[in-house]
Each structure stands twice: as C-alpha cells, then as structure tokens.
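To start, the structure itself, in structure tokens.
The values are calculated or read from the model by the stated rules, or taken from the named source; none is laboratory data. From a predicted model like this one, the values you see are computed outputs, not experimental measurements. Neighbour counts are summed over all protein chains in view; Cβ atoms, including those assigned to glycine, are modelled from backbone coordinates with ideal geometry. Protein only, heavy atoms only, side chains kept; ligands, DNA and RNA dropped before computing areas. Shrake-Rupley method; radii C 1.70, N 1.55, O 1.52, S 1.80 Å.
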Amino acid sequence: MLIDTHCHLDFPDFDAERDAIIERARAAGVGQMITISTRVKKFDTILAIAENYANVFCSVGTHPHNADEELDIETDDLVRLSAHPKVVAIGEAGLDYFYDNAPRDAQAIGLRRHIAAARQTQLPLVIHSRSADQDMADILTEETGKGAFPFLLHCFSSGPELARIGVELGGYISFSGILTFPKSEELREIARTVPHDRMIVETDAPYLAPKPFRGKRNEPAYVAHTAQVLAETIGVSAEQIAAITTDNAFRVFSKMPRL
Ligand SMILES: [Zn+2]
Ligand SMILES: [Zn+2]
C-alpha cells in the first residue's frame, strides 16, 4: 500500500469526479491520502471532503501564496481547528520566493505561527519551500531551538543543504512527480542521501503529474509512479519502497490511523 501524503482534492479540477478519483487511487494501491489546506477560510470545504471518505484525511493551514490574506489567523485558531479527528497535520505553510505571491514578511509570520501550532499539537507541519533555502534553513534551525516540532519538506525541490539540515533537525523529505522528470538528476542525487526512514511520497495533485503523465492533470493514483522512480533511485524494490514510505508516513502523520 502507498499513501499520497499531499494532494488538493478540494480544487475545482476534481469537482466532477471526486468519487472516481478516490476509487482509482484505491485500485492503484493508494490506500490513504491527505488533502492539504491552502486557506483556513476554506477549511470547511476540505473538512467536508475528509469527512465524506473514510480513507481521506486533511490538514489545516495557509499556503504562503495566501499568507497576506490570512494574517488574522492566529496560532490558537490553527490549534483549535486541528482538534478534529480527521485533521492530521498543520499547513501547508512556508516560503515561496519563486512566485512571491505574498510579501515575504507575511509568509514568514504565517510560517512561524504554523510552527508554533505544530509544536503545541505535535502534529506535523507540512512545509512548502521554494527558492527560499537559506531563510527556510535559518527559521527551522531557530524555531527547533525553541522546542521540537514534527515537520516535512513537501514536494522537495530545494538544494542538498536544505535537505541535509531538514533531516538533521528531525524532519522528513517528501518526493513528488518532480523526481521523475529527466532534468531532476540533482534531486535524485539528493534522494540517495536521505535516510530511508525519512522519505515519503506525494502527488501534490492536481499539479506536477509524474512521468508518463507529465503536463496532464495529476491525481493520487499516480503517486505509484513517483514511488517507482524513488525505488529505482535508491536501489530497492517496489515492495520495499511501499513499505518504507508507508511506515514513514504513519510515523510522521502519527494521528492518522492505519485503516
Ligand atoms: Zn506546496
Ligand atoms: Zn500543495
């Protein structure tokens, strides 16, 4: 069994066929999935989806793209909303200096509030980091010094130094379809350095479909293709990569029951 640890089932791309997509995932061996919040103000939609499907769980948080729209969301709000049994993570929050859709100071304020919520609840923080390696490493190092919190670097596409620091601070590295792209040799090189007990897989659907679906709409069933490339990259079998990444997913998303 595989777990898709990061998808966006609430996006309109999936409205017409959500049942079919979740069934296709099950048929492809993707037993459980986590649909990730990007706006606390739309959390009701996320939660309704998670409540509708036994094998779908969710997070609560504000994507860095939306950080400036949700500066009124405090750590306490995240903690309170995360008490629901279907909520197994905080985020996604982080820093995205590639798009800079929100001012960087707003992104950092949001990230630190999400970190505080993860520390308080001990739910893992789903971190989005793009073109922000140094600031992300600095914030994670500083905040971990104030008290440990579980976290993962989702859709990892940063450099080797952030991967190393993330692992050193106790974090997990999540690989998406990017790992399967021909030009991603540096990322595959990083994957070879990540300890086996710290790697997980995700789709980030509807974005970033892995080979051979690149450019098409992504969906949770396709996480199997990323897992296959990860297996080849680190030299283990398909069965082994499923066991490794699924055990890791349940360890980091410790509130999610094994169904
Ligand atoms: Zn993201
Ligand atoms: Zn995402």
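List of remarks:
- Pairwise centroid distance, computed over Cα atoms, of region 35-99 with region 184-254, Å: 23
- Residue (of Val88, Ala28, Asn55) at the positive-pole extreme of region 20-105, dipole from beta-carbon charges: Ala28
- Cβ-defined net charge surrounding Ala132, 11 Å radius [Lys, Arg +1; Asp, Glu -1]: -3
- Packing-based order for 186-197, 71-82, 123-134, 223-234, using average beta carbon neighbours within 10 Å, highest first: 123-134, 223-234, 71-82, 186-197
- Estimated 222 nm signal from helices in the chain, with DSSP H stretches of n ≥ 4 weighted -39500 (n - 2.57), rounded to 500: -12000 deg cm²/dmol
- Judged by the mean number of other Cβ atoms found within 10 Å, the most tightly packed of the peptides 108-120, 10-22 leads the ranking 108-120, 10-22.
- With the convex hull of its Cα atoms as the shape, region 2-252 has an orientation-averaged projected area of 11.8 nm².
- Of the beta bridges in region 46-152, as assigned by DSSP with both residues counted there, near 0 percent are antiparallel.
- With protein chains left intact and a 1.4 Å probe, residues in region 2-252 average 39 Å² of accessible area per residue.
- Extension gain, Arg112 back to Ser237 (0.36 nm per residue minus Cα-Cα distance, nm): 41.2 nm
- Dividing the C-alpha radius of gyration of region 206-252 by 2.2 N^0.38 Å, with N its residue count, gives 1.22.
- Whole-Å distance, taken between Cα centres, linking region 1-34 and region 147-176: 24
- Furthest towards positive pole of dipole, Ala238, Tyr97, Ile127, structure part the chain, Cβ charges: Ala238
- Placing +1 on the Cβ of every Lys and Arg and -1 on the Cβ of every Asp and Glu, with no other charges, gives the chain a dipole of roughly 600 debye about its Cα centre.
- Secondary structure note: in region 96-253, about 0% of the DSSP beta bridges are antiparallel.
- Computed in the context of the full set of protein chains, the accessible area of region 2-252 at 1.4 Å probe radius has 52% of its extent on carbon or sulfur.
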